[in-house]
Each structure stands twice: as C-alpha cells, then as structure tokens.
Amino acid sequence: MTDRLLSLPRALWRGVTPLGRAVVSLGLTALALARAAGLVELAVVAALCLLLVVVGLVVVLLPSSVRASLWLRPDRTSAGVGVQGRLRVQNRWPVSLGKPVVEVPSGTATPWVRLPTLRAGATHEQSFVVPAPRRGVITVGPVLYRRTDPVGLFARRVSWAAAVELLVRPATVELAGLPVGQLRDLEGVASDQLSMSDLAFHALREYVPGDDLRHVHWRSSARAGQLLVRQYHDSRRTSAVLLVDTRTDAYAHPDDFELALSVAASITMRAARDGYDLTLVCGDHTAGGSVITGDPTYALDALCRAAPSGGEPLPDLLARGLQAAYDASMLFVVSGTARDIDELQRVVGLVPSDLWAGVLRAGVGGEGGLAEYAGRSIITIGSLAQLPVAMAEVVR
C-alpha cells in the first residue's frame, strides 16, 4: 500500500504535458516572487495557475465506467493481407463522454482513433484496418483511452480493452501434389499390424474377456460352439514429417528464412488437402499426428511464431521428428542455402532406407536447381514461384 502511494505522484508527474509543466513552473515562480516582493499581481498569477492545475487533476482523475471489447475478423491472415478490426465501446457512466481519443497499437503502427461523443448508456462500434506486411505475430492493443483536461495540462492513459493477437501466416503457393512415399492410399493401406477394428479383415479368433461384443461373428460362433471375434489388418495413411531448420547460420539473409517458412507452409497446405498425417518439427515446436490431418491450423500457427535461433543440430532435429512420427513414410527437410551441402548429405544419409526423403534449400535470388544424393532429392529454391515446378519434377 505504501509503495502504491509513493508511486502515485511519480505516475502523475509522468502524465504532465509540457504545457502543464510550464504552468506549474510559472505558478511556483510567481508564488515565490510574490512572497519575496509582496506583489499582489504575482499572487493572482500563482492562484490562477493553481486553479488550472486543480481543475485539470480533477478532470483527469475523475473515474469513469466504460466497457470495451476488441476483436479481429479473421484473427489469422497471410503476409500482405490486412484484416478488419472492430472496437465496441459502451459508456456506462451517467455522464456523457465527449469525443474520446483512443489508441489501438497494432504492431509498428500506433493509430489514434477519435470516437464520437458517447452519451450515458450509449454504445458505439468503430472499425479499423490492421496491416499485416510480414509473417509473424502482431499484438493489436491494448485499447488505451487518452484522457486529458480541457486546457491540456495533464494526460492519462486508461486501459479499456485487452490486447489480442493476429497470426500472420507465411505466403504460400499451390502445389499439384507431393511425392507418394512408401504408402499412398487415402482410404488406408493394410499393414502387417493386427487391429480389432479397421477395414481389412484378417481372421477369426477366440473371444477373450474385454473384447468388444460388436466384433463377435455369431454364425461362426454357433457352428464352433464358442465365441469367435473378427480380427483385422491395421490400415495406415500416408504419413509425412516436415523438419524446418531454424538455426541462424543456415540462412545467409533473414529473407531466406522467410522463404523457407513459405516452402514449409506450402507443403503443409498440400498435405492437409491430401489428408496426410503430417508431423511438423520447427525449432522447439513439435505438432503432428491426427491433429494435423486435414486441418493445418496448428502447423501454420507454429510457422507464424517461428524465429531464427541457436536451435539444435539437424541430426538431433531429425531424431526428434522420426521419434514423433515412428510410422512416417516420407520426410521433408527445409533449410537454407548457407547450410553446407555436405552436412545436408550427411543428414540424408541418416534417414532409414525405407523412408522417402527430400531436402529443400531456400535462398532468395539464387538459381533454382534439382540434384540427387543416394537417391534422395535435394532441391534449391530461389523464389517461392519455383517450388511448384521443382516439386512436380520430384513427383514425376
């Protein structure tokens, strides 16, 4: 409590405008000279300055009751595509609020919005555009009410609404398809693993306590004189692992890292359309399994938050990805052209032989190219527009 009381004068002094400081200084100077020289005129000046200060403090510190909410439609977008923001303000104070000025920070921009006069109990909605020039996470808000006195001696910011996040996804390009990998069947491919519930019938076996009665084959059970249940082959979908190298030394320029994320986002979108099970390993973030199947939201959100860092070496990243998706049939490694090609080849050499693998190297402005190492594709991308052509060559 004592700390709050001591911090209040400091907070008030930070809210004094240059004009307010001039008036305070003038009043103190006039008061000192009036007491020293006995001039009534200077005492009047000091009294007027004191009156302005008191009135300004009362107006600025007078409580008000405003309910505000801030939201974005949509709350996710792509780089270069702005979104619509909405601010709803309700004046719950019995006194009108005259043309309040609110600040809505959105990334690097700090727009000031002047609202119309809010009468007692009135509600107003204000729309604005939030720019999204680059991939990343933009914090929009909090909504701050800039409260001042009529003369402009004091200014105070009051928080009306909490901040919200805008996720700006990497730019993407449409891909015609992805490599087939070792398994490719959107309806499921029968494996050697046995399951109690799937598509491909395998055999009948004796009932054991705990088996689902729905799988009892009653006709065979009647002939055999004991309960028999159906057993199936476990079916699998095409499963892919996408590794994104986030180490700073892998990219010669920050734009190369952005291009790498756009490559990863394009592969993610194509995998979602094809119904693949996709596991994304991007830096410290791992998302995968059925969460990604058909819904790339989690993977794209992770790419929004990705940032270059020290990160772990590629072999460790590979081990973590294969551990997260033990039944994967294909592997993509996205890195930068600053990464030594020999190192990428060594990483590819660690991939199991029954797993399709491809490496994509991103370097803005560089020449595109396609090479192979030990039967594995190594693609160099100089721009996002080169990705569909290169991927079509790999698929073919």
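The values are calculated or read from the model by the stated rules, or taken from the named source; none is laboratory data. Here the structure is a predicted model, which means the values were calculated and not measured. Ideal geometry is used to build each Cβ from the backbone, glycine not excepted, and the neighbour counts take in all protein chains shown.
List of remarks:
- Filter result (at pLDDT below 90 and under 18 Å from the mean Cα position of the chain (by Cα)) within region 134-160: Gly141
- Which listed residue, of Ser353, Ser335, Ser383, is in contact with a strand residue (DSSP E or B) (Cβ under 7 Å, 6 or more places away or on another chain) and either on the phi > 0 side of the Ramachandran plot or among the small types (Gly, Ala, Ser) (or both): Ser335
- Only one of Arg346, Arg376 that is in contact with a Pro (Cβ under 9 Å, 6 or more places away or on another chain), farther than 30 Å from Arg76 by Cβ and of a type in the set (D, E, K, R): Arg346
- Residues of region 323-337 satisfying the condition of being touching a Ser or Thr at 6+ places or on another chain (Cβ under 9 Å) and buried (at least 18 other Cβ atoms within 10 Å of the Cβ): Ala325, Ala328, Ser329, Met330, Thr337
- Taking region 16-108 and the strands (runs of 3 or more DSSP E) fully enclosed by it, the elements with 2 or more residues that are touching a residue at least 60 places away in the same chain (Cβ under 8 Å) are at 66-73, 76-78, 83-91.
- Matching option when the condition is touching a Ser or Thr at 6+ places or on another chain (Cβ under 6 Å), buried (at least 17 other Cβ atoms within 10 Å of the Cβ) and over 17 Å from Val241 (Cα atoms), among Pro296, Pro308: Pro308
- Count - residues of region 166-217 that are modelled with pLDDT of 85 or more and either surrounded by fewer than 14 Cβ atoms within 10 Å (Cβ to Cβ) or more than 38 Å from the chain's Cα centre (by Cα) (or both): 2
- Scope region 72-110; condition under 30 Å from Glu258 (Cα atoms), among the polar types (S, T, N, Q) and in contact with a strand residue (DSSP E or B) (Cβ under 7 Å, 6 or more places away or on another chain); matching residues: Thr77, Ser78, Gln84, Ser106, Thr110
- Among the candidates Gly311, Gly366, residue that is within 25 Å of Val168 (Cα to Cα), modelled with pLDDT under 90 and not in a strand (DSSP E or B): Gly311
- Picking from residues in region 36-71 that are touching a strand residue (DSSP E or B) at 6+ places or on another chain (Cβ under 8 Å) and surrounded by fewer than 13 Cβ atoms within 10 Å (Cβ to Cβ), the one that is modelled with the lowest pLDDT is Ser65.
- Residue within region 376-388 that is modelled with pLDDT of 85 or more, surrounded by fewer than 14 Cβ atoms within 10 Å (Cβ to Cβ) and over 26 Å from the mean Cα position of the chain (by Cα) present: no
- Within region 318-337, residues that are closer than 24 Å to Gly366 by Cα have Cβ atoms under 9 Å from residues that are hydroxyl-bearing (Ser, Thr, Tyr) in these pairs: Ser335/Tyr251; Gly336/Tyr251; Thr337/Tyr251; Thr337/Thr380, counting only partners at least 6 apart in sequence or on another chain.
- Top-ranked residue in region 338-369 [being loosely packed, with under 15 Cβ neighbours inside 10 Å and of a type in the set (A, V, I, L, M, F, W, C); ranked as farthest from Asp249 (Cα to Cα)]: Leu350
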